[in-house]
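Rule-based calculations on the coordinates, nothing more; no lab input. Worth saying up front: this structure is predicted, and the values here are computed from it rather than measured. Reconstructed Cβ throughout: ideal geometry from the backbone, glycine too, with neighbour counts over all protein chains shown.
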Amino acid sequence: MAQVNYKRLNRYPRIGLALSGGGARGIAHIGVIKALEREHIPIDILVGTSMGGVVAAGYAAGLSPDELEREANKLARLRRLLSIVDPGLPNAGLMRGQRLHDYFETRLGNRTFADLQRTLSLVSVDLNTGQEVIITEGPIALAMRATTAVPGLFAPVEIDGMRLVDGGVLNNLPVDVPRKMGADFVIAVDVEPDPNEPLYNLEEGYRWLPNGLARTVVVIDEATRLMIRVLKEAKLRQYPPDVIIRPSLPPGINVLVGYNRVSELIAAGEGAAEAIMPEIRRFLQKASPSSVMSEAAHAHNAQYKIQSEQSTGNLD
């Protein structure tokens with residue numbers, strides 16, 4: 001594990017939270033945040049890729065974990081989920097993604113990164129240069145659309161001469177970004193399947209597709225998972241977080257399947273965070289006396305609670 005840099009600390013460390021992509025599996029991030037809030041662990045810096053980026057952006061914009069859960073439950077209804085689907089063939093993706101962008105904008109309004117209550121970065125990749133792009137400014141809805149632009153599923157987002165797609169292509173668990181943004185203590189949440197667990201029948205998760213198309217999607221899924229895993233492990237070795245949380249999630253949940261299992265996924269994230277909470281507290285207590293840490297955390301969360309109550313009045 002990386003050592004916490006205490007030289008710059010005043011009352012308590014700046015805590016960064018890195019949330020991975022993973023489709024519907026990313027709903028578990030809500031449970032992790034719920035547990036952190038309950039234990040008064042203040043999050044100063046949020047970084048997310050794909051679904052992790054969606055949860056990070058919502059939380060940074062002032063939505064509470066309960067509000068995020070309610071929104072996830074709304075999307076669990078098939079009719080609501082289909083409302084953000086806009087077929088886009090043959091235009092660079094199965095879906096154009098405009099309805100997804102409109103959904104994000106409806107939920108968060110015209111907020112920009114400058115309007116957020118917590119520091120936020122969303123990870124994307126520019127197909128033109130093959131480089132990772134860390135989005136830290138501009139409209140939040142557009143950045144969320146870019147970080148969730150799964151290649152082949154959603155058309156890329158064109159911004160300033162770039163063609164942006166899902167950040168998971170190069171950095172699905174962005175553990176390096178919070179540290180570069182000034183975090184003294186990094187908590188990473190990885191919702192991808194454990195590579196040590198037996199592989200489940202991926203095709204079962206796509207049984208609603210025609211047989212030929214299901215097999216094609218499975219091959220793409222397997223290849224993508226392998227690529228993401230190799231890149232992620234390399235990143236973890238180079239930029240080890242202080243704590244990593246890996247919820248135990250049921251098989252068969254991916255970018256297309258599992259959005260109706262909100263309670264189960266959130267409970268898994270919450271349980272995994274609770275299990276590792278003693279380790280988080282041990283790290284934080286090294287940085288400052290427990291009394292000071294507790295006082296700072298309560299004040300920190302109270303500030304965000306007030307801001308959240310003021311901001312969420314404009315949210316649908």
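Descriptive notes on the structure:
- Ranked by how many other beta carbons lie within 10 Å on average, peptides 69-77, 241-249 from highest: 241-249, 69-77
- The label point for MET227 and the one for GLU158, both projected 7 Å from the Cα toward the Cβ, are 2.3 nm apart.
- Cβ charges +1 (Lys, Arg) and -1 (Asp, Glu), total dipole of the stretch 42-153, debye: 480 debye
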